[in-house]
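Structure first, commentary second.
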Amino acid sequence: MSGLKDRLNRLKTSSRVSSSINPADGLLAMDKDLNPNLDMDTVESDMDSMESDMNAMEPGMEEWSRQALRNEWIGLEAEYVENEWGSFIKRTRRFPLSHRHGCYELGEIAATGGKLGSFSASRLPASTQSLLYFDTETTGLGHGAGNVAFMLGIGFYREDEFVIEQLFIRNPAEELAMLAYFGELAAGFTHLVTYNGKAFDWPLLQGRYIMNRLKLSMHDPLHLDFLHPSRSLWKHTLPSCRLGKVEEELLGFSRFDDLPGAMAPVYYFRYLAEGDAEILRGVFIHNEYDILSLAGLSIHFSRVLSGLLDLNQMVAEEVYRLGLWLAKMEEMALAEQAFQHLLDRSSEECAPYWTPIAAYYKKQGQVDLSIEMWTMATDYYRAQALRSTEPLIELAMHFEHKIKDYNKALQYAEEALACMKVRTSFFRPNAKHKAEVEAIKKRIERLRLRADQADLKEAARLRMDMY
């Protein structure tokens, strides 16, 4: 539209210049000679009229253009948003609290959500209104200036619904408007919920704010990154701790025909090339699922921290990892409950965990329980050629330093050395193995000396008693 106006202005200028010179000296004069009826005043008047018509038409054309843009995104249930910084696309999805994502209804967070405050060092209680769920879709996987978040997915609870807003930029020029909108919205929340957000999404977003010279109001939120507890709990029982696998195994939610997250940049660049918004449908749906799964995991973890999971439905490894994680979260009563449940199972099932649980109890100062489990582990695995020497060494240390029974300590130390020699016959010893053998030999030498001294003292005492 502006190009047509420029052409009209150039024509008007040309006509005015032509009328001020000798007609015989210009092209327009030649035209006038060829067409004697040509009136320069009439030409200029017609041009003014055309410009007036174009100015009157321009607002209508702009409105038509906006409406065409809106229609393009209606199919994706998205809208065109403008603010003082520019424009971007926003897609809003609203879910009732009765909506079920996998095995949980979204409204279940109300009963146990406060326990999520345990994730932060300050242990500030969380409420449903304080949680902001956040996930990005980016042009790459790095942290450099060239990696742009072309979509910000955010979710939050309102009184009677769960809202997902997906902020999308059609080109990099719209990033400023999108970031400004996000900053205003995020200011009302204290807890940020992500999956690998501490290492990727949040640092990336902070970098984009710096690049655009904007201040992020939610500068240092209480971050609930569910990737780390997922690894602590399920790294040894699940084939992968990717969000898609965790949601499938723990939430019972399976995605069908889902676009892999790694393909999102490909579809975005395809959209930039072709301009068809429908290309992005799979990207929007994938991001929506991510936000819903974050909400589902927040319910699951809050139930874990409330002691509401059925331990009978877990394998031994999962119960053990649960106990360790609960202890790390300073939920000591629940950790003790998990360990006791594991110890109540059959010896065949829980024997591999006697030694590590004994180490946990030792750290907690419950020495008697530690000794009991080290003794059980020693007796249970005594017939095995290759076995851990840890319970033997721990028992040797205990009887040497606490009980002062040097003969008993020597017995465990010599048994540990025998185990090390058997292992040497199967595997080539490395530096660590050699150091352990030398440490055991020194312990045996010391214990033999102390045992001899103790025997001499005991003999002397007996002689004194005889007199």
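The values are calculated or read from the model by the stated rules, or taken from the named source; none is laboratory data. Keep in mind the model is a prediction, meaning the values are calculated, not measured. Positions of Cβ are generated from backbone atoms using ideal geometry, with glycine treated the same way; all protein chains shown enter the neighbour counts.
Could you check how many residues of the range 326-369 are within 17 Å of Leu311 (Cβ to Cβ) and touching a residue at least 40 places away in the same chain (Cβ under 8 Å)?
2
Answer yes or no as to whether Gly323 is among the small types (Gly, Ala, Ser), within 25 Å of Val193 (Cβ to Cβ), surrounded by fewer than 18 Cβ atoms within 10 Å (Cβ to Cβ) and modelled with pLDDT of 95 or more.
Spelling it out, it is not the case that Gly323 is among the small types (Gly, Ala, Ser), within 25 Å of Val193 (Cβ to Cβ), surrounded by fewer than 18 Cβ atoms within 10 Å (Cβ to Cβ) and modelled with pLDDT of 95 or more.
Evaluate the range 347-362: report whether one residue or more is surrounded by fewer than 17 Cβ atoms within 10 Å (Cβ to Cβ), among the β-branched types (Val, Ile, Thr) and out of contact with any Asp or Glu (no Cβ under 7 Å at 6 or more places or on another chain).
Within the range 347-362, none of the residues are surrounded by fewer than 17 Cβ atoms within 10 Å (Cβ to Cβ), among the β-branched types (Val, Ile, Thr) and out of contact with any Asp or Glu (no Cβ under 7 Å at 6 or more places or on another chain).
Filter the range 160-198 down to the residues that are more than 22 Å from Tyr268 (Cβ to Cβ) and of a type in the set (A, V, I, L, M), then identify the one that is surrounded by the most Cβ atoms within 10 Å (Cβ to Cβ). Spell out the reasoning first.
Kept after step one, since they are more than 22 Å from Tyr268 (Cβ to Cβ), are these residues of the range 160-198: 160-163, 183-193, 198.
Pick out the ones that are also of a type in the set (A, V, I, L, M) and you get 163, 185-187, 192-193.
Numbers: Val163: 14, Leu185: 17, Ala186: 20, Ala187: 10, Leu192: 23, Val193: 28.
Restricting to residues being more than 22 Å from Tyr268 (Cβ to Cβ) and of a type in the set (A, V, I, L, M), the top hit is Val193.
Give me a count of the residues in the range 98-141 that are among the β-branched types (Val, Ile, Thr), farther than 27 Å from Gly282 by Cβ and in contact (Cβ under 8 Å) with a residue 60 or more places away in the chain.
Keep residues of the range 98-141 that are among the β-branched types (Val, Ile, Thr), which gives 109, 112, 128, 136, 138-139.
Checking which are farther than 27 Å from Gly282 by Cβ leaves us with 109, 112, 128.
Now drop any that are not in contact (Cβ under 8 Å) with a residue 60 or more places away in the chain, which leaves 109, 112.
Adding up the residues that qualify gives 2.
Search the range 264-277 for residues that are over 10 Å from Asn171 (Cα atoms) and small (Gly, Ala, Ser) and pair each with any residue that is assigned to a helix (DSSP H, G or I) and modelled with pLDDT under 95 when their beta-carbon atoms are under 9 Å apart and the residues are at least 6 apart or on different chains.
Gly275/Glu72; Ala277/Glu72; Ala277/Trp73
Are any of the residues in the range 365-380 at pLDDT 95 or above, under 41 Å from the mean Cα position of the chain (by Cα), in a helix (DSSP H, G or I) and among the hydroxyl-bearing types (Ser, Thr, Tyr)?
Checked against the condition, which is being at pLDDT 95 or above, under 41 Å from the mean Cα position of the chain (by Cα), in a helix (DSSP H, G or I) and among the hydroxyl-bearing types (Ser, Thr, Tyr), the range 365-380 yields at least one hit.
With the structure loaded, tell me whether Ile393 is closer than 27 Å to Trp325 by Cα and assigned to a helix (DSSP H, G or I) or whether it fails that test. Reasoning before the result, please.
Details: closer than 27 Å to Trp325 by Cα: yes; assigned to a helix (DSSP H, G or I): yes.
So Ile393 fits the description; yes.
Just a yes or no: is a residue in the range 251-259 basic (Lys, Arg) and closer than 28 Å to Gly188 by Cβ?
First, the residues of the range 251-259 that are basic (Lys, Arg): 255.
Add one more test, that the residue is closer than 28 Å to Gly188 by Cβ, and what stays is none.
Within the range 251-259 (the criterion being basic (Lys, Arg) and closer than 28 Å to Gly188 by Cβ), the answer is no, since none of the residues qualifies.
Can you tell me which residue is nearest to Arg423 (Cα to Cα) among those in the range 358-395 that are in contact with a Lys or Arg (Cβ under 9 Å, 6 or more places away or on another chain) and of a type in the set (Gly, Ala, Ser)?
If we take residues in the range 358-395 being in contact with a Lys or Arg (Cβ under 9 Å, 6 or more places away or on another chain) and of a type in the set (Gly, Ala, Ser), then Ala385 is nearest to Arg423 (Cα to Cα).
Give the number of residues within the range 422-445 that are assigned to a helix (DSSP H, G or I) and either under 23 Å from Gln384 (Cβ atoms) or in contact (Cβ under 8 Å) with a residue 12 or more places away in the chain (or both).
Final tally of qualifying residues: 15.
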